[in-house]
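Novice: Let me begin by handing over the structure; questions about it come next.
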Amino acid sequence: MQTTKNFYTLLFILLTILGSCTSQTQEPLTSEKAEEKEDYVDLVYPFLDAANSRWFYFSSASRPFGMVNLSPDMVIDGAWNSGYRYNEDSIKFFSHIHAWQLSGIPMMPTTGEFKGHLGPGEYQSKYSHDQEKVYPGFHEIMLEDYQIKAELTSTTRVGFHRYTFPASEESNILLDLGTVLGPSGTKKGFVKKVSDKEIEGYALMERTSRRPKPTYVYFVIQLDKAFESLNAWKDGKLNGEVSEFDGESGGVYFHYETDENEQIQMKVGISYVSEAQSRLNIEKELPHWDFEKVVQDSRDEWNEKLGRIEVSGNDQQQTRRFYSDLWKALQGRRIISDANGKYCDMTGEEPRTRQIPLDENGQPKFNHFNSDSFWGAQWTITSLWQLVYPEIAEDFVNSMLLMYDDGGLIPRGPSGGNYTYVMTGASSTPFIVGAYMKGIKGFDTEKAYQGMKKNAFLEGMMSKSGYEHNTANGGGIKYYIEKGYVPYPLDKKRWGGHQEGAGQTLEYSYQDWCLAQMAKSLGKTEDYELFMKRSENWKNLYDAESGWIRAKGHDGKWWSPYDPYELNHGFVESNGAQSTWYVPHDLQGLGQAMGGNDKMAEKLNGSFEKAAELGFTSGNAHADETDKNNRRIPINYGNQPSIQTAFVFNHIGHPWLTQYWTREVLDKAFSQLSPERGFNGDEDQGLMGSLSVLMKMGLFEMKSGNETEPQMELGSPIFEGITIKLHPDYFKGKELTIKVNGNSDKNRYIQSVKLNDKAHDGIFLNFHDLTNGATVELEMGDQPKK
């Protein structure tokens with residue numbers, strides 16, 4: 001793209017934003033910035049779906065995958081509908097951890113009579129969005145009750161606060177070590193005064209039903225101005241000045257007398273290992289007090305990540321939504337290791353401090369991560385990260401293998417070093433195999449294979465249902481191996497969550513196929529044949545009479561009465577109509593079972609027509625999903641089990657229907673730009689953001705790139721130009737460019753494809769051809785090219 005065109009495009013976006021959003025809470029993009037470089041940070045809309053926040057969803061003062069995610073909390077009780085909630089009128093405090101089943105270190109500046117001992121409901125403050133500024137890496141808000149301007153930013157492991165106080169004899173900054181905090185309560189806390197500018201300690205966060213053990217969050221808090229006193233409270237009573245606090249239901253606060261507009265800065269370093277490691281994280285990442293430098297460093301880091309994809313040729317709303325989706329794809333799943341590579345292993349009876357291997361420069365070779373499940377990752381972050389951010393994908397694989405070393409299993413969603421056994425199956429298998437097939441191989445391949453193989457048998461991940469911590473029965477793998485399917489119902493006893501036999505069978509079948517491909521690549525012929533045979537188990541649950549996948553009992557009889565639109569009853573967070581298409585590795589086989597590809601396309605097209613009546617989602621928020629009408633939807637783009645369905649048409653000879661329906665889904669489900677709309681249920685730590693990005697670029701991987709020759713496929717891009725900067729350490733090429741000629745909402749159908757100026761037959765593209773550096777050119781039209 002030419003520099004002049006970039007300048008005027010960005011200037012148009014700026015003027016549109018300023019004209020339509022006078023109270024917009026982002027720093028505007030100036031023409032001077034535009035002349036220097038693209039500032040992708042200013043294209044992000046941080047309040048997307050923020051009225052429907054899950055605890056870990058909202059992000060402001062955080063780096064990509066940052067251990068620290070510092071932001072205001074309005075609702076603090078529960079993992080759902082908590083944290084930053086756009087339509088709430090009061091801020092309880094600013095807390096530092098918003099992660100999968102993790103929280104910690106809530107702080108709040110106040111003036112006037114101290115109320116910290118009375119609880120967050122009393123010391124909270126009103127605020128206004130008119131006095132709020134937010135963009136990736138930064139949050140500014142005026143606390144109206146106290147007339148304090150709070151500014152927040154961070155490094156990866158250190159929260160950085162700047163408070164501007166009014167004149168007051170009673171100015172305080174509190175640390176609440178007794179409050180409930182999203183998914184868990186605070187069991188107890190400890191604080192020790194180090195100096196009149198520093199304290200250290202920990203918060204012990206209670207276990208949850210998903211994270212089975214209490215978790216220590218250690219901290220060191222440093223201030224740039226000496227406090228006059230360190231005070232404490234416990235059990236609702238003030239204890240006066242202290243040098244140490246130890247106990248439950250209490251906290252501490254720094255007392256100051258402040259002049260008008262006096263600023264106090266505060267660093268909060270955290271660690272899951274020790275106070276010493278918290279201090280080390282500050283020393284490594286924030287040895288100075290230059291707040292503006294940290295804000296700019298964060299902006300630069302986000303710009304680099306967001307700028308790996310450049311899009312052009314759509315309106316300002318869709319451009320902003322694209323970069324907001326991409327921003328969401330790079331957060332939620334958070335670093336839990338320290339700057340020197342130490343981390344807390346919680347897979348045993350007691351916490352153990354471990355060390356990530358170091359490189360020749362003494363730096364950790366990778367980071368260790370905490371994340372929600374990889375259930376759904378096969379069509380989302382697997383494709384996006386491995387194409388655009390391969391170093392991140394490689395880090396995650398190594399993190400999984402680190403946990404395999406520590407606890408004996410490759411996880412499907414760890415929390416703070418704990419196994420959680422979230423969701424079902426061996427959901428990390430397609431992610432790991434995809435990385436290997438795409439040439440991302442900076443990990444122990446044999447160890448990875450053996451770990452994935454272990455997960456596919458008794459005592460592996462496939463043996464456990466959701467959150468089944470102490471047994472290995474709910475996954476039904478024994479019956480899957482013996483009978484060729486997981487029965488439903490499995491047992492009179494419920495061993496864990498998501499004991500939905502038909503859905504589990506479909507997942508296992510696909511994951512078996514993925515593992516078979518790696519076995520083939522490694523020359524493990526017997527394993528290849530075994531897992532390929534198992535990958536056909538889905539066929540045991542196809543009911544030719546009804547035309548849907550259907551659950552079976554132990555006796556081999558169909559579950560009855562059967563309603564394909566009924567939620568669950570054999571299907572994991574879905575219904576039979578949605579899950580029937582979950583055969584990504586054998587869509588030809590499914591077509592044959594349905595009487596041919598034309599009949600299969602007709603059936604799927606009918607499902608899309610019905611789903612369109614509900615906007616392709618089970619409501620617009622998580623709370624809507626269980627509504628009796630919403631949950632009867634046959635295709636649901638508000639959750640992961642059927643998000644691949646629009647691309648199924650590509651595999652059964654009807655690509656024009658992929659092109660039509662992907663555009664319809666994007667328009668109805670992924671085009672909004674408001675606090676009330678965004679991901680229609682649950683963004684799930686980058687999964688739905690990644691899906692939206694991929695669909696808008698017109699790229700997808702039905703088999704997660706797990707083929708021995710990975711294949712990407714085309715949908716219908718919404719932009720005229722897309723450029724992906726390829727990582728030089730992983731790929732031979734410099735850029736992947738997609739040119740979309742004649743593109744418009746009406747002209748959504750591909751008429752012809754060129755690859756590197758040569759005519760290309762079909763809509764499938766070899767992944768390595770693309771990452772060797774390629775230009776894909778599409779001619780679009782308003783009529784299907786059948």
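Novice: Could you work out how far apart the two model spin labels at residue 709 and residue 471 are, taking each label as a point 7 Å from the Cα in the direction of the beta carbon, and quote it in nm?
Specialist: 4.8 nm
Novice: Sort all Cα-Cα distances of region 601-718 into consecutive 5 angstrom bins from zero, then give the percent of pairs in each bin up to the one containing the longest distance.
Specialist: Spelled out bin by bin, region 601-718 gives 2, 12, 22, 25, 20, 12, 5, 1, 0 percent.
Novice: Report ³J(HN,Hα) in whole Hz for each residue of region 82-93, in order, from the Karplus equation J = 6.51 cos²θ - 1.76 cosθ + 1.60 where θ = phi - 60°; Gly and Pro get x.
Specialist: 9, x, 6, 10, 4, 8, 6, 9, 9, 9, 6, 5
Novice: Measure nothing but the geometry: give the 0 to 90° angle between the long axis through the Cα atoms of 316-328 and the longest principal axis through the Cα atoms of the chain, rounded to 10°.
Specialist: 80 degrees
Novice: While we're on this one: When the Karplus curve 6.51 cos²θ - 1.76 cosθ + 1.60 is applied with θ = phi - 60°, which whole-Hz ³J(HN,Hα) does each residue of region 137-148 get, with x for Gly and Pro?
Specialist: x, 8, 9, 10, 8, 9, 7, 5, 5, 10, 6, 10
Novice: Based on the Cβ-Cβ distance of residue 613 and residue 260, what FRET efficiency does E = 1/(1 + (r/R0)^6) give at R0 = 51 Å, to the nearest 0.05?
Specialist: 0.30
Novice: Can I ask one more? Considering only Cα-Cα distances, which of the following residue pairs are longer than 30 Å: 454/492; 328/453; 520/557?
Specialist: Exceeds cut-off: 328/453; 520/557.
Novice: Mind jotting down the distance between the C-alpha centroids of region 208-246 and region 704-774, whole Å?
Specialist: 53 Å
Novice: Which aspartates and glutamates have a Cα lying under 19 Å from the Cα of residue 193, excluding residues fewer than 8 positions away in the same chain?
Specialist: Within the straight-line cut-off, residue 193 pairs with 176, 224, 228, 241, 244, 246, 248, 275, 283.
Novice: Which loop trypsin sites (Lys or Arg not before Pro) in region 579-631, with loop taken from DSSP, have no more than 16 other Cβ atoms within 10 angstrom of their Cβ?
Specialist: 628
Novice: May I ask you to derive the relative contact order of region 111-268, considering only C-alpha pairs under 8 Å and at least 6 residues apart, and to give it as an integer percent?
Specialist: The value is 25 percent.
Novice: Work out the FRET efficiency for residue 225 and residue 353 from their Cβ-Cβ distance, taking R0 = 35 Å, and round it to the nearest 0.05.
Specialist: Efficiency, from the Cβ-Cβ distance: 0.55.
Novice: Can you give the relative contact order of the chain as a percent, counting alpha carbon pairs under 8 Å and 6+ residues apart?
Specialist: Over the chain, the number comes to 10 percent.
Novice: Long-range amide H contacts for residue 182: which residues qualify at under 5 Å (H placed 1.01 Å from N, peptide plane, sequence gap of 5 or more or a different chain)?
Specialist: Long-range HN contacts for residue 182: 77, 78.
Novice: Using helices alone, I'd like the mean residue ellipticity at 222 nm for the chain: each DSSP H run of four-plus residues gives -39500 (n - 2.57), total over residue count, nearest 500.
Specialist: Here the helix-only value at 222 nm equals -8000 deg cm²/dmol.
Novice: For region 505-558, which GluC sites (Glu not before Pro) pass both filters: DSSP loop (anything but H, G, I, E, B) and at most 14 other C-beta atoms within 10 Å?
Specialist: Within region 505-558, the qualifying GluC sites (Glu not before Pro) (loop, at most 14 other Cβ atoms within 10 Å) are 545.
Novice: Take the Cβ-Cβ distance between residue 169 and residue 207 as r, set R0 to 45 Å, and report the resulting FRET efficiency rounded to the nearest 0.05.
Specialist: 0.60
Novice: Cα-Cα pairs above 48 Å in the chain: how many percent?
Specialist: In whole percent, the share of Cα-Cα pairs in the chain beyond 48 Å is 18.
Novice: Say the dipole of the chain comes from +1 at the beta carbon of Lys and Arg and -1 at that of Asp and Glu; which of 522, 556, 68 then lies farthest toward its positive end?
Specialist: 556
Novice: Quick one: work out the % antiparallel among DSSP beta bridges in the chain, nearest 5.
Specialist: 95 percent
Novice: Please compute the per residue accessible area over region 400-499 with all protein chains in place, 1.4 Å probe, rounded to a whole number of Å².
Specialist: On a per-residue basis, 31 Å².
Novice: So for region 531-645, averaging the separation of alpha carbon pairs under 8 Å that are six or more residues apart and normalising by length, what relative contact order in percent results?
Specialist: It rounds to 22 percent for region 531-645.
Novice: In degrees from 0 to 90, rounded to the nearest 10, what is the angle of the helix 655-669 Cα long axis to the longest principal axis of the chain?
Specialist: 30 degrees
Novice: Just list whichever of 533/703; 305/696; 441/739; 365/441; 342/365 have alpha carbons separated by over 20 Å in the model shown.
Specialist: 441/739
Novice: One quarter of the convex hull surface, Cα atoms only: what value does that give for region 229-277 in nm²?
Specialist: If you wrap the Cα atoms of region 229-277 in a convex hull and average its projections, you get 5.0 nm².
Novice: Let me ask another. Working from Cα positions, state the angle (0 to 90°, nearest 10) between the long axis of helix 445-455 and the longest principal axis of the chain.
Specialist: Orientation of helix 445-455: about 80 degrees from the principal axis.
Novice: In addition: Roughly to the nearest percent, how much of the accessible area of the chain is carbon and sulfur, given a 1.4 Å probe?
Specialist: 44 percent
Novice: Would you work out which of 649, 780, 370 lies farthest towards the positive end of the dipole of the chain, given +1 charges on the beta-carbon of Lys and Arg and -1 on that of Asp and Glu, about the Cα centre?
Specialist: Of the listed residues, the answer is 649.
Novice: Amide H of residue 188 versus every other amide H placed in the peptide plane: which residues, excluding those fewer than 5 positions away on the same chain, fall under 5 Å?
Specialist: Those lying under 5 Å, H to H, from residue 188 are 204.
Novice: Step through the residues of region 245-250 one at a time and calculate ³J(HN,Hα) from phi using the Karplus curve (6.51 cos²θ - 1.76 cosθ + 1.60, θ = phi - 60°), rounding each to whole Hz and writing x for Gly and Pro.
Specialist: 9, 8, x, 9, 6, x
Novice: Taking a probe of 1.4 Å, how large is the accessible area per residue of region 723-786, in Å²?
Specialist: 56 Å²
Novice: To continue, here is another question. Restricting to DSSP loop positions (anything but H, G, I, E, B) with no more than 13 other Cβ atoms inside 10 Å of their own Cβ, which trypsin sites (Lys or Arg not before Pro) remain in region 471-551?
Specialist: Those satisfying the criteria are 492, 493, 494.
Novice: May I pose another question? Under a plain spin-label model, where a point goes 7 Å from the Cα along Cα-to-Cβ, how far apart in nm are residue 197 and residue 772?
Specialist: Output for this residue pair reads 5.9 nm.
Novice: Amide H neighbours of residue 158 under 5 Å, counting only residues 5+ apart in sequence or on other chains, H built in-plane at 1.01 Å?
Specialist: 68
Novice: Solvent-accessible area per residue for region 156-241 at a 1.4 Å probe radius, Å²?
Specialist: Accessible surface, normalised per residue, equals 35 Å².
The values are calculated or read from the model by the stated rules, or taken from the named source; none is laboratory data. Because the structure is a prediction, the values reported are computed rather than measured. FYI the Cβ positions are ideal-geometry reconstructions off the backbone, even for glycines, and counts take in every protein chain you see. Heavy atoms of the whole protein, side chains included, go into the accessibility calculation; ligands, DNA and RNA do not. Shrake-Rupley method; radii C 1.70, N 1.55, O 1.52, S 1.80 Å.
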